[in-house]
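Have a look at the structure below, then the notes.
Here, each number is a calculation from the coordinates, and none is a lab measurement. Quantities reported herein were computed from a predicted structural model and do not represent experimental measurements. Note that we place each Cβ from the backbone using ideal geometry, even for glycine, and neighbour counts take in every protein chain shown.
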Amino acid sequence: MYSRYNNLFKGVSWVVASSIIGSVLQFLLIFVLLNFYKQEEFGLWASVTSIAAVIVTGDFGIVNVLRNIISREILNGSKGIAISKQYFYSALIFFMCLAILLSIILLFISSYIPFEHLFKTDNEYLRQQGRAIFLIIQFIFLFNIPFSIGIPLFFSFGESKLYSIVNSVKSIVAFMIVLCLSINKIHITSVAVAYFTSNLLISLLGTLYFIYKRKWFTYSFNWWDCYHKIREMLTIGVKFLSIQLFSSFLQNVLTIYAGSMVGLGVAANINVVQKIFSFFGGIYQSAFNPLWSELASAFQKRNYDWCWSLLKKSVCITITFFSFVVIIVSVLGDFFMKFIAGNEFKSNVSMFILVGILFSIRIVFDNVSLLQNATNKLNTIIYGYSIMFVYVLIVIPWLVQQYGIELMILNLIFMWGLFIVLAYWDLRKIINNRKNIENSCLLNKEEL
């Protein structure tokens, strides 16, 4: 037991260290761009990277499913490794064919789509450059899905260190490229293309190293087998995709509703407050990746008490950590706002506390629901997200218009609290059901 926790702690430490490196370099990258490029040029960068953040969810949830399948199969020895290899190459071939097909279609129809309208500026050259860079980045992201497919699978083999190294190299190389090009006054469009291309190439190297590490150099391809495995993964992957879309909307709904119903100034202030908490949250949540894989492995080994113990400890740590974060950020809120955004951005202590609690309670939910994600038992989570989505669409707008943004935040906190109770109930049900099944099997064996 001690050895398992020790290995998990080492894995978490590597991932958190990698996340800190990535977050700090991303923060420094923004400073570099703001100092070397004009406001509209930086606006182009911001728009392109925001669009890219949406495109990156286009793996249909298959990568998460693949992680869970491999975590399950490798427990079956050499036979399980062989099956894992088949699933891996099925997903790789599927996404590669899809990337090629969609790239060809996009190339033919691109002249009929007014991508330049995504970039509002009087600078026609910059607008056309925006169109070109958007197309290039579309192609990059389409191929990034198959090229990077091996990197998250390091977690399934307990190799968090290798995942962290690849991600750290990706962050360092990308930052150095942007810094060098910016110092040499290279146009922002070329900087953006170089930035995303470097990520693509290092992702490819990471996946190639994953294949080398596994010695999966040969594969006997079978269309029918590939079809069945992709269909199996898509069936579950659609659930992960639904969760990703619902989660993305609910994370951003505060800024969206504040901007459309209260005012852009309020939305801007809230967004900066959210970004402050996101800095801490992004680093902390990176630890959930090795936890996810450990839970998947332990559940398949029928170590249900260990799963429950790990979740209880991680939830207690999460609540304690973010309680301190909310207090510290709320006390030093004005300093953070001025340091990041300037004197024109202001917020009161109550807003920091409310947004901080809302952000923290969502992290707690992600922690509580880790086992469901790790074992593909997602139905209850999807039902909960669907209810919240409908409530936020129908009820929350009326609350904002009638009572203001503070009551909206309190309502969202209450809804996330109920969602945590639902996820906790489902978690207990899953563990107890599996225990009862195991006990029934043991009794039957004894009777025989």
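Amide hydrogen proximity for Thr375: with H placed 1.01 Å from N in the peptide plane, no residue at 5 or more positions away or on another chain lies under 5 Å. For the stretch 150-256, trypsin sites (Lys or Arg not before Pro) are listed when DSSP marks them as loop and at most 12 other Cβ atoms sit within 10 Å of their Cβ; the list is Lys185, Lys215.
A Förster radius of 51 Å combined with the Cβ-Cβ distance from Tyr209 to Val390 puts the calculated FRET efficiency at roughly 0.70. Model label points for Tyr112 and Cys97, set 7 angstrom from Cα along the Cα-to-Cβ axis, are 2.5 nm apart. You can think of it this way: the chain between Ala194 and Lys429 has 79.7 nm of extra reach, that is 0.36 nm per residue less the Cα-Cα gap. Computed on the stretch 343-422, the Cα convex hull volume stands at 111 Å³ per residue.
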